[in-house]
Each structure stands twice: as C-alpha cells, then as structure tokens.
1. Pull up the stretch 143-166, narrow it to residues that are of a type in the set (S, T, N, Q) and assigned to a loop (DSSP other than H, G, I, E, B), then point me to the one that is surrounded by the fewest Cβ atoms within 10 Å (Cβ to Cβ).
2. Being in contact with an Asp or Glu (Cβ under 6 Å, 6 or more places away or on another chain) and on the phi < 0 side of the Ramachandran plot is the requirement here; does residue 311 meet it?
3. What do you reckon, is residue 208 touching a strand residue (DSSP E or B) at 6+ places or on another chain (Cβ under 8 Å) and touching a residue at least 60 places away in the same chain (Cβ under 8 Å)?
4. Is it fair to say residue 315 is within 29 Å of residue 43 (Cα to Cα), touching a Ser or Thr at 6+ places or on another chain (Cβ under 6 Å), crowded, with 16+ Cβ neighbours inside 10 Å and β-branched (Val, Ile, Thr)?
5. Go through (1) part of a helix (DSSP H, G or I); (2) surrounded by fewer than 16 Cβ atoms within 10 Å (Cβ to Cβ) and name the single condition residue 139 misses.
6. Does residue 223 satisfy the criteria of being in contact with a helix residue (DSSP H, G or I) (Cβ under 7 Å, 6 or more places away or on another chain), surrounded by fewer than 20 Cβ atoms within 10 Å (Cβ to Cβ) and hydroxyl-bearing (Ser, Thr, Tyr)?
7. Check residue 326 against each of (1) surrounded by fewer than 18 Cβ atoms within 10 Å (Cβ to Cβ); (2) among the charged types (D, E, K, R); (3) within 23 Å of residue 144 (Cβ to Cβ) and name the one condition it does not meet.
8. Out of contact with any Pro (no Cβ under 8 Å at 6 or more places or on another chain) and either surrounded by 15 or more Cβ atoms within 10 Å (Cβ to Cβ) or within 21 Å of residue 88 (Cβ to Cβ) (or both) - does that describe any residue in the stretch 297-309?
Amino acid sequence: MRTIDWVDGAIELIDQTLLPQRVEVRRITELSDLIADIQRLAVRGAPALGVAGALGVALIAANVQAQNESGTDLDREEVRRQAATLREARPTAVNLSWGVDRALTKLEEGADAVLAEAIRIRDEDIAACISMGLRGADLTRELASKDRVRVMTICNTGSLATVERGTALGVIQTLLEQDSLEEAFPLETRPLFQGARLTAWELQRMGAPFRLLIDSAGPFLLSRGIADAVFIGADRIAANGDSANKIGSFSLALAAKHAGVPFIVVAPESTIDMRTASGADIEIEDRGVDEVAGFGGVRTAPDGIGAVNPAFDVTPHDLITAIVTERRVILPGRGESPENVSLEPLRS
C-alpha cells in the first residue's frame, strides 16, 4: 500500500490522523483539500510532502486546463499562482517546496508533462528509500561493530513518511530483512504521538521486534546502553549539515553524544537545502496550543492556557555522526558536509 499516489486523475493518500484505529484512503481532486490535509497532517513526512507537492501541481494543472472552455489551453500564470499557495502550506519541510518547484519546471510543456514529472518524483522516492536502507544498514553494522543491532528512533520515518519503505525506518526494515535487527525502540513522539500511532503500527506490520518508549525515557536509556545507534529523519538539512527534525531529536543527539552512541540522520538528497547555510536559518513551525492541551478530542490541560509548541528542533552538525542519503554517506564528525562529499550511484 502506497502512502500517496496518482490514481485515475486524482491524488490518493492514506489519512494518517486515523491510524492505527482505521486505515482510510482519501481521494483528493481539489487543491484546497490537499492543502488542508497537509496542514492537519493527514499526509506528512518530508519525502511524502515532496511527492504531495509535485502531484499537487499536476492536480492544479489538470484542473486549470479542464476549466478552460476549449479544454486544451493552459493558463500557466494561474497554475503558478495556485502552486505558490501549496508551496507555503508547511514552512519547515523543504521537500514540499522542492516538489512544487520541480514539477513547475515542466509547466511550459503542458499539464501532461507536469504529471509525468510528478510520477517520476514518486518513482525516484521509492528507489531512494531502497538505496538509503542498504547504505544505512551497512553503516550501522560498521559503526556498532556488530552483526545484530538495537536501534532507537523518534517520530515516523517509515513508508507513511514516504511512498514506500521509508528513510530512517527504512533502514530498520532493511536490517530486519538482513537478519541484523535485534530490537527497535521507537519513542512515542509528543504531542501527536507519531511514534506510538504510526511507527509502532508499521513495525508491527513488518514483524519487527520492538518496545515503545515515552519520549523522556530515551536519553536516560541511551546512557544505560539500551541501543547501539539512534536513527532520525530530517525535514531540512542545511548546507553545513545542521538538521531539522521532529521536536525531541536534539535531546536524543545530546544523549547519544554523552553515551558514545552513533547518531544517524537518514533523508533523501531532496531534503538537503544548499540555500540554507545553517540551522539558525531554518524557520521552525509552531503549531499552537491545541495539540499540547489535549489529544483525540479530550482536553488534558486547563482552558485559557498558552503554550510553546515547536513542531521541530535543529540538531547541530557536530552532534551528528552520519547523514545517510540515497547517494552518499556524509560524516560531519570528520569534517564532512553536504558541500564537500561527492554523490555516488543509487544502490538497489
């Protein structure tokens, strides 16, 4: 089952807000519905947002062309205007704007060319996840000096965050397939519990051995040697290697450094933003009080309170052992950065 796809002239996506209780596929035919689903996190995860951005432009182009009386001419300026709205639906994840911009490069060739580029981006994401899994599994065994490893992760970086397989969780799946996974330790991931709701669901479906942790237990348990490596994804990686990811990642990086445990960022090349010099330049989305004050429609905090609710934090590159993409492994601890490590072929 793909997280997001183009099916018979529309976008189909799994509504992640309903998991794990219910699996429901939404069919999207209007831009407003896609933007709403992105903002309410029905579709989320940096690579999946990149595909959503590209397919969204294809949807816009198809709708704009259909609204033309002749059914053939395409109002390119109207497509660009609507695409700009889609591009800003979530500010931190660079993949959304990347997917929109790349699909727009085919706009002069018409709506069919835009759709073909969006499908190409979808297929590239699938291939990238396979390659990241293989590179990450090899690196983890090398760093841990073990054939079977225990790994910790936060948020959801599996197939639900991509099209298939996943980034950091894709490495865990590859380790499982290679009989190299001893146990996984997903964190619950407050305040929306992506780890408890989504990652645990995916680990259970793949038959992986795992135990769920509360967020605040992760750093302490790392100090007690519970894991051989920590994997996270990324929503944006700066040119110097600083990485933005789900809130809670930074504290895991600090704890991993203290415990001498490798801290590994797994993300596709599209997440690297060479226009962003460092993590200080990454805009951090604050999602307001409601997510902190309750969950699932149940209020857990007093009415009238305020909250600081950053959806992401930034891990400095000097706390990152390795950045794994589909095309390379970057080792910030050895002075490497996205600026000075060459690309390699995909692995399959």
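No lab work stands behind these numbers, since they all come straight from the coordinates. These figures come from a predicted structure and were not determined experimentally. Cβ coordinates were reconstructed from backbone atoms using ideal geometry, including for glycine residues, and neighbour counts include every protein chain displayed.
1. For the stretch 143-166, the residue satisfying everything is 145.
2. yes
3. no
4. For residue 315, the condition - within 29 Å of residue 43 (Cα to Cα), touching a Ser or Thr at 6+ places or on another chain (Cβ under 6 Å), crowded, with 16+ Cβ neighbours inside 10 Å and β-branched (Val, Ile, Thr) - is met.
5. Every condition holds for residue 139 apart from (2).
6. Against the criterion (in contact with a helix residue (DSSP H, G or I) (Cβ under 7 Å, 6 or more places away or on another chain), surrounded by fewer than 20 Cβ atoms within 10 Å (Cβ to Cβ) and hydroxyl-bearing (Ser, Thr, Tyr)), residue 223 qualifies.
7. Status for residue 326: all satisfied but (1).
8. Among the residues of the stretch 297-309, not one is out of contact with any Pro (no Cβ under 8 Å at 6 or more places or on another chain) and either surrounded by 15 or more Cβ atoms within 10 Å (Cβ to Cβ) or within 21 Å of residue 88 (Cβ to Cβ) (or both), which makes the answer no.
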